1. Could you check which residue among 205, 270, 121 shows the biggest mean-square fluctuation in a GNM of the chain with a 10 Å Cα cutoff?
2. Among all lysine pairs in the chain that are eight or more places apart or on different chains, how many have alpha carbons less than 29 angstrom apart?
3. Report the longest stretch of the chain that contains none of the trypsin sites (Lys or Arg not before Pro) sitting in a DSSP loop with at most 10 other Cβ atoms within 10 Å.
4. Would you please give the residues with an amide H less than 5 Å from that of residue 86, counting only those at least 5 places away or on a separate chain, with H modeled from the backbone geometry?
5. The list (1) 5, 23, 32, 26, 12, 2, 0; (2) 5, 25, 35, 25, 9, 1, 0; (3) 5, 22, 30, 24, 13, 5, 1 gives values of P(r) over Cα pairs in 10 Å bins from 0, in percent, and only one came from this structure; which label was calculated from it?
6. Where the only charges are on Cβ atoms (+1 Lys, Arg; -1 Asp, Glu), what is the dipole of the stretch 123-187 about its Cα centre, to the nearest 20 debye?
7. Take every DSSP beta bridge whose two residues both sit in the chain, then give the antiparallel share in percent to the nearest 5.
8. Which value, in debye to the nearest 20, gives the size of the charge dipole of the chain about its Cα centre, when Lys and Arg are +1 and Asp and Glu are -1 at the Cβ?
Amino acid sequence: MNNLFAAALRCSGIFPVATLLARRSPRILMYHRFGEQTRSPWPDRAIFERQIRYLRSKFQVISLAELTESLAAGSPRQNAVVLTIDDGYEDFYSVAYPILRKYDVPATLYVATDFIDGHTWLWPDIVAYILQRTTHRSWTSNGRVPKQTYDLTVAAQRRAAWSSIGTGCVEMGVCSRTALLQDLAMELGVDVPPRPTPEFKPLNWTQLREMAAHGIEIGSHSCSHARLTLCSPQELDHEVLDSRRRIEEMLDGPVRSFCYPFGKPADVNWSVRQAVIDAGYGNAVVAYSDADLTDDLFGLRRFGIGADLDHFRRIASGAAVVSAKLRRLSRFTSPQPG
């Protein structure tokens with residue numbers, strides 16, 4: 001039903017109908033990176049500006065703070081869209097931020113403080129760096145990730161290797177993951193520098209201060225982007241509390257919003273959610289969407305956005321929201337086996 005509904009909207013040009021039906025369902029958009037060049041999977045300047053102009057012309061683009069205040073008051077804004085950005089890469093500052101300033105559009109940026117401080121890479125970038133730099137023509141994974149041989153001369157196979165390694169890393173604690181990445185670098189003959197290279201460069205605190213003064217809310221994305229459900233109680237407190245304290249120390253302002261690293265249902269259990277509440281945050285966002293978009297202030301759903309403009313319009317218009325609600329309705333109305 002989801003695909004058929006989306007196809008019908010594309011063919012008939014009735015995205016306004018979806019917007020009408022979804023007008024009481026705020027959409028929170030989730031970005032990660034921005035491209036400096038065209039044909040990137042991430043929005044470049046031209047595509048991002050088209051997206052922002054589209055949003056400004058058709059919806060109320062409000063801050064996350066405005067949204068949560070209206071939700072708490074029981075009167076959510078109609079046709080509301082919120083922008084969020086995860087991780088804290090410098091390409092947000094160079095590509096997206098000038099466009100947001102140009103159109104006076106607010107956004108919430110979630111940063112991992114160890115990444116901003118230059119203490120660490122984000123581990124998916126380490127995997128990407130190793131696979132990009134190796135001169136080895138193939139690689140056979142060991143038992144810590146699904147065993148398979150990858151032809152590293154083929155871009156699609158490098159992406160598959162990255163995905164396989166990433167899937168394994170998500171399930172590991174910090175020590176096991178660090179050991180795996182060290183072994184991978186050794187096996188593929190790549191020296192990983194202590195700080196991220198330019199293509200993986202983080203923002204700095206000076207840039208964050210500037211943006212915080214011009215409509216960009218800065219939220220916490222933990223210290224090290226750890227999978228919080230695998231953390232000990234002490235590690236969990238460190239990730240949730242110390243990241244907030246670090247941002248408040250460096251930006252001299254309150255941090256109200258938290259973004260769960262990875263953010264899938266398996267990444268947020270009761271202990272993690274309660275730790276975020278106990279740390280004093282006012283809301284938190286996840287990295288998936290369903291029909292319960294804003295029912296839980298500590299589990300606000302989001303829609304991932306990239307460079308695909310058709311996908312972007314489907315999300316922004318509310319078509320994806322309507323599809324999710326129709327799927328839920330169909331489950332309740334479908335005949336049950338006797």
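1. Comparing 205, 270, 121 in a Gaussian network model of the chain, the most mobile one is 270.
2. Step by step, the pairs that qualify in the chain add up to 6.
3. After excluding every exposed loop site, the longest remaining stretch is 148-338.
4. Hits under the 5 Å cutoff: 31, 32, 110.
5. Only one listed value fits the structure, namely (1).
6. With only Lys, Arg, Asp and Glu charged at Cβ, the dipole is about 100 debye.
7. The antiparallel proportion sits near 15 percent.
8. Computed about the Cα centre, the dipole is about 1540 debye.
Bear in mind these aren't lab numbers, they're just calculated from the coordinates by the rules spelled out. Everything quoted here is computed from the prediction, not taken from an experiment. Note that each Cβ is placed from the backbone with ideal geometry, even for glycine, and that neighbours are counted across all protein chains shown.
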